[in-house]
Every structure is written in C-alpha cells, then in structure tokens.
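The values are calculated or read from the model by the stated rules, or taken from the named source; none is laboratory data. Since we're looking at a predicted model, the values are computed, not measured. As a convention, Cβ positions derive from the backbone with ideal geometry for all residues, glycine included, and neighbour counts pool all protein chains shown.
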C-alpha cells in the first residue's frame, strides 16, 4: 500500500464548460486503486491548503522553477494578484527557459493583464517547445481567442482534439472560437458534445431539442437556470452560470453571477473578457466596474474591444 497523499484541485465540479470532471474522477479512482490517499479540493479549499507547501518548497530551494511556477499560478488564478505573480512567472522561465508549461501559462497571464504581443510570443514558444501535447495546444487555442484570432484558435483546437478526442482544454478553445466567430449553431453543438462526453446524454438531448424548438438565447437561458438551481448542491462554478446567462442575453443576471464568482475567487474569472462577449454587456458599467475591481485595468479601458455583434 502506497501511503503517499495527493490533492487534486479543479475549478469545475460539473462538465458544463470544460469536461474536466470525468477525467479528474477517473484519475482519483485510478490513484486510489493504486493505494494513494486522494482528496479532491475546490478552489476555495485549495487557497488555504496549497500555498504553504509551495512557499516551503521555495524556502528549501529558491532555484526550483516548478516552485516559482506554482506560486505564480496561485497568485494569478487564486488571488488575482497580478503584480506579485509576475516576478515568479519570469523567474520560473529564467531558471528553465525550455519549460513549455511555464511559457503557455505565462502567455495567459500576459493576456489577462493586456500585454497581448508578449502573450503571443510566449504561447508560440510553448508550442515550439512542446508541439505534440494536446494540453499545450488547447491552452494555445484559448490564448488565440484571448487575442481575437478565432479562425486560428479553431484550427488549433481541432488539432488538439484529433490527438486527444474529448480533451477538456481543446473543447474550451473550440467553444471560445465559435463564440468569437458568432457561430451559434456550432456553440450549441460544442456544449452538447461536452455534456455527452461525460455521460449526461439526456441533458444534452434536451439542450439540443430546446435549441431546435426555441432558438439560441432561450437554450442558453434554460441552461443557466438549470445550473443556478443546483449551484450550491453540486458546486457549480458561478462563472459557468454567468457564461450561459450572457449567451442567453440576460446580462444583468450574468453580471450578478460574475460578482459571485469574484467573491469566491473563481479561477475562471480573469478570463471574463474572453468568455463574456457582446456590446451590451461589455459596455455595461457594472461589468467595467468588476474588471476594475479585480485589477484588469487594460480590459476595463478597452471594454468595447473584441465584442461580438449578434
């Protein structure tokens, strides 16, 4: 019996956006069957439990790139502390220039704070260093959509999915690209595929039927209402609910859930400028105020950029 304890952290307990859940549960079960003691943490639990070991690792070895990478990730997606995160991203890459994972996540950090040219540079370098990894490609596809390069993002997403069908980050990249291109039917298909990929066939069937009978916005509102009803009981990320309300055209409800996401430090929230599109919400004073509240000053000042007219 292996006595090693492991913690798996996820930002999505249900497969509505990224299909992560099935993979994580399967991973947990496989590790448990091998004798590991495995626990799954929500982001809020991880805030308190993951930071001390990372800080201890840096104390023991300040030249460990993975430790700087880990701290940078916590500061970026758990604490939204962009200023404090940057030196650790840069130090991780300085210590290990061929660290592809650091380059691709640093590219996301740079996109989040609005340094899009540098973001593109590090994303392309990550793919050059690790060209056949669907994880890297999926994250590259997301980065491309952050920069409004939707056609290329779609190509990259399809490439990643051809390597690993059903892969979570590739689905997310595909979804973002179709949203950016205004492809409503394809958005419905991607979401339905994600739901089916984790075994929720009946929900996917109803989702598609609602679209055929009632149209795009009504379908996304149905999805948002469904998710909001089980928000607490199933631990649905507030950001996922905001995402569906926005696509359904209920912008005030979308912002309500984005504000809840901010209160809960939802790791998806820094991507609100990429996922939440459309002139009505992007130019809403509450939306802009929330961008300013979490320190996304570039996107607050450019809130009308990259909107999707529908």
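Listed here are the residues, each with its yes/no results for (1) within 25 Å of residue 82 (Cα to Cα); (2) more than 17 Å from the chain's Cα centre (by Cα); (3) assigned by TED's automatic domain parsing to the domain that holds residue 303; (4) surrounded by 23 or more Cβ atoms within 10 Å (Cβ to Cβ).
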| site | (1), (2), (3), (4) |
| --- | --- |
| 244 | no, no, yes, yes |
| 251 | no, yes, yes, no |
| 255 | yes, yes, yes, no |
| 258 | yes, no, yes, yes |
| 272 | yes, no, yes, yes |
| 279 | no, yes, yes, no |
| 283 | yes, yes, yes, no |
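State yes or no: is residue 266 in contact (Cβ under 8 Å) with a residue 24 or more places away in the chain, within 16 Å of the chain's Cα centre (by Cα), at negative phi and not in a helix (DSSP H, G or I)?
yes
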| task | Among the candidates 158, 186, single out the residue that is closer than 23 Å to residue 215 by Cβ and in a helix (DSSP H, G or I). | result | 186
| message | Can you report the number of residues in region 107-138 which are outside any helix (DSSP H, G or I) and closer than 19 Å to residue 96 by Cα? | response | 3
| message | Tell me the residue from 149, 186 that is out of contact with any helix residue (DSSP H, G or I) (no Cβ under 6 Å at 6 or more places or on another chain) and either surrounded by fewer than 23 Cβ atoms within 10 Å (Cβ to Cβ) or at pLDDT 95 or above (or both), please. | response | 149
